[in-house]
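For reference, the structure discussed in these notes is given below.
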Amino acid sequence: DGCSSDLSRTGARYRVHVHVPRRPAPPGGFPVLYLLDGDMTFASAVETAQRLARFGRDEGQSEGIVVAIGYPDGDDMLARRSFDYTPEGPPDAVAHPTGGAPAFRRFLAGDLMPRITGRYRIDTARQTLWGHSFGALFVLDTLLGEPELFRNYVATSPSLWFGARSLLGGLASLPARLAVAGPRTLHLAVGEREQDSVRARSHAMAMTHRELADRLAAVENLEVHSRVYSGESHGGTLLPGLGQAVRVAFQEARP
């Protein structure tokens, strides 16, 4: 496992955590799971991956590389993620700047992913992106704008109250983008109790989740899996969503 501070082309610094399995890479290379909110999620994802690989081999679970993107000590994490993970729109609930998703995606696709590909033996056809809340909004925004970057997209409790309008606007061009990129898979999840949360804005999140899932399910070359986590609120979906991402990223293809 390693930790490094990367400098993006925009001048913003990120702390990147990397876990590589101790066993030799398979002939096709390791699958890779990219995590947002990496300072909070890295350790849990690695432990989950190791446990599933140990006890879930009969179900086709293996290990892979985990790349978690976080921020240097001293940075205002809430402010930075509010900017990095959101498309253009109004300030968030605590008035942080927003709209930095295009620049963050350039760092991801132009700086970090080539570095990981150059340093480790990976399977470029088995790369997964996961995020929660604003992070999940970024996952959806990336699927709509640059679906070729990842094979699997896992969006847990996306902040649709902020970005639904922007996402729906990007749906029109998605079929053409997927015709070039090829088939992709989206795992979309929400908590059963999210409609009661402040962020849901009077039940809008759960309703928009269903609407978005239905619209995306109608898109050719996109396989959509939608689920509701029973009894969970917005914050409570992070861990089950992270576990789902590990399963999706490191599930071996069955003959």
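Where in the range 116-134 is the amide nitrogen less than 17 Å from a point lying 7 Å along the Cα-to-Cβ axis of residue 78? The answer is 133-134, whose backbone nitrogens lie closer than 17 Å to the label point.
Find me the longest stretch of the chain that has none of the exposed trypsin sites (Lys or Arg not before Pro), where exposed means in a DSSP loop (not H, G, I, E or B) with at most 11 other Cβ atoms within 10 Å.
Numbers: sites that count: 9, 22.
Of all site-free stretches, the longest is 23-255.
The length gained on full extension between residue 230 and residue 109, counted as 0.36 nm times the residue separation minus their Cα-Cα distance, comes to 40.1 nm. So if we plug the beta-carbon distance of residue 54 and residue 223 into 1/(1 + (r/R0)^6) with R0 = 41 Å, what FRET efficiency do we get, rounded to 0.05? Computed FRET efficiency for residue 54 and residue 223 comes out at 0.90. Set the Förster distance to 35 Å, then compute FRET efficiency between residue 173 and residue 22 from the Cβ-Cβ distance, nearest 0.05. Here the calculated transfer efficiency is 0.25.
Computed from the coordinates by the stated procedures, all read-outs in this text should not be read as laboratory data. Since we're looking at a predicted model, the values are computed, not measured. Ideal geometry is used to build each Cβ from the backbone, glycine not excepted, and the neighbour counts take in all protein chains shown.
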